[in-house]
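A.B. asks: Please read through the structure below; I'll follow up with questions.
The values are calculated or read from the model by the stated rules, or taken from the named source; none is laboratory data. All figures in this text were calculated on a predicted structure; none of them were measured in a lab. All Cβ positions, glycine included, derive from the backbone under ideal geometry; neighbour counts span all protein chains shown. The accessibility values were calculated without ligands, DNA or RNA, using every heavy atom of the protein model including side chains. Shrake-Rupley method; radii C 1.70, N 1.55, O 1.52, S 1.80 Å.
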Amino acid sequence: MIPKLAILQRLTSVGLVAVVRAETAEQAIRISEATLEGGCPAIEVTFTVPGAHKVIEALAARYKPSELILGAGTVLDPETARIALLSGATYVVSPSLNPDTVRLCNRYQVPIMPGAMTIRDVIEAMELGADIIKLFPGEAFGPGFIKSIKGPLPQAPLMPTGGVDVSNVAQWVKAGAVAVGAGSSLIGGAQTGDYAKITATAKEFIEKIAEARQK
């Protein structure tokens, strides 16, 4: 089992989590492969994907932990979280804050990233022991919201998801995001079968995140 701190360090070092949504399990695997080729090893297979746990199992069997940081997304309850972990997921992401899911992940020392929309949500998530807080939906607020949260809560580890693309990712990073989650803006090419576009977009994301951190 990979130590929790090691997973968190790798995630924040890369700075990008690819949110994989797909119509089929095969498509989800192809999206994951294309993203990996683009230099992003952090994959979040959402439980909106048909047979998501089987996709996680397949990716866990195909890639070494050193190659892939494999997580489960859209986890709404502790039951789903446990299925994800038994399938091979090494971290859990949720669109909202479910205390029982956070407790289960803490029990097994697995990074948990619940969603939050308000200061109250962020504080409650930290009190429960969340490792990174998913600011969702990001497009409802914009990068300025991170600065607003960081005013009273400079210690809050925030990861915006939704509305993050290559044109604004630098703004999110400079505002204080420890990482960003990217879904449709990253994997949109899958809709037309253009997986090369996913690879190219992943590379651009990684480059812009690195540049923003240096400035």
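A.B. asks: Rank-order 48-54, 197-203, 31-37 by packing density, defined as the average count of other C-beta atoms within 10 Å over each peptide's residues, highest first.
C.D. replies: 31-37, 197-203, 48-54
A.B. asks: For segment 2-53, what does the accessible surface come to per residue with a 1.4 Å probe? Please give it in Å².
C.D. replies: Accessible area per residue: 39 Å².
A.B. asks: Take every Cα pair under 8 Å in the chain that's 6+ residues apart, average their separations, divide by the length, and report that relative contact order as a whole percent.
C.D. replies: So the answer I get is 21 percent.
A.B. asks: Right, here's the next one. Going by amide H atoms built from the backbone, whose H comes under 5 Å of the H on Ile133, apart from near neighbours?
C.D. replies: When sequence neighbours closer than 5 places are left aside, the close amide H contacts are Leu158, Met159.
A.B. asks: Taking amide H positions as placed 1.01 Å from N in the peptide plane, with prolines and chain starts having none, which residues 5 or more places from Ala42, or on another chain, fall under 5 Å of its amide H?
C.D. replies: The list, which skips near neighbours in sequence, is Ala18, Ile69.
A.B. asks: Using helices alone, what [θ] at 222 nm do you get for the chain, with -39,500 (n - 2.57) per DSSP H run of 4 or more residues, divided over all residues and rounded to the nearest 500?
C.D. replies: Counting only the DSSP helices, I get -14000 deg cm²/dmol.
A.B. asks: Also, I was wondering about something else. If packing is taken as the average number of other Cβ atoms within 10 Å across a peptide's residues, how do 187-196, 131-140 rank, most packed first?
C.D. replies: 131-140, 187-196
A.B. asks: Still on this structure, I have one more. Counting only heavy atoms of protein chains, what accessible area per residue, in Å², does segment 90-215 have with a probe of 1.4 Å?
C.D. replies: 44 Å²
A.B. asks: Right, here's the next one. Mind computing the radius of gyration and Dmax over the alpha-carbon atoms of segment 110-194? Å is fine for both.
C.D. replies: Rg, Dmax (Cα atoms, Å): 13.3, 45.
A.B. asks: Amide H to amide H, which residues 5 or more places from Val180 or on other chains are under 5 Å from it, using H placed in the peptide plane?
C.D. replies: Here Leu16, Val17 satisfy the definition.
A.B. asks: Take the Cα radius of gyration of segment 1-147 and divide it by 2.2 N^0.38 Å, with N its residue count; two decimals is plenty.
C.D. replies: In units of the 2.2 N^0.38 Å rule of thumb, it is 0.99.
A.B. asks: Distance from the Cα centre of segment 88-118 to that of segment 188-215, in angstrom?
C.D. replies: Each part's Cα centre sits 26 Å from the other's.
A.B. asks: Cut-off under 19 Å on the C-alpha distance; same-chain residues fewer than 8 positions from Lys64 excluded. Which aspartates and glutamates are left, in chain and number order?
C.D. replies: Answer for Lys64, where 19 Å is the Cα cut-off: Glu33, Glu37, Glu44, listed by chain and number.
A.B. asks: Moving to a separate point now. Would you work out which of Ala42, Ala175, Thr90 lies farthest towards the positive end of the dipole of the chain? Charges go on Cβ: Lys and Arg +1, Asp and Glu -1.
C.D. replies: Farthest towards the positive pole: Ala175.
A.B. asks: Using a 1.4 Å probe on the protein heavy atoms, what percent of the accessible area of the chain belongs to carbon and sulfur?
C.D. replies: 53 percent
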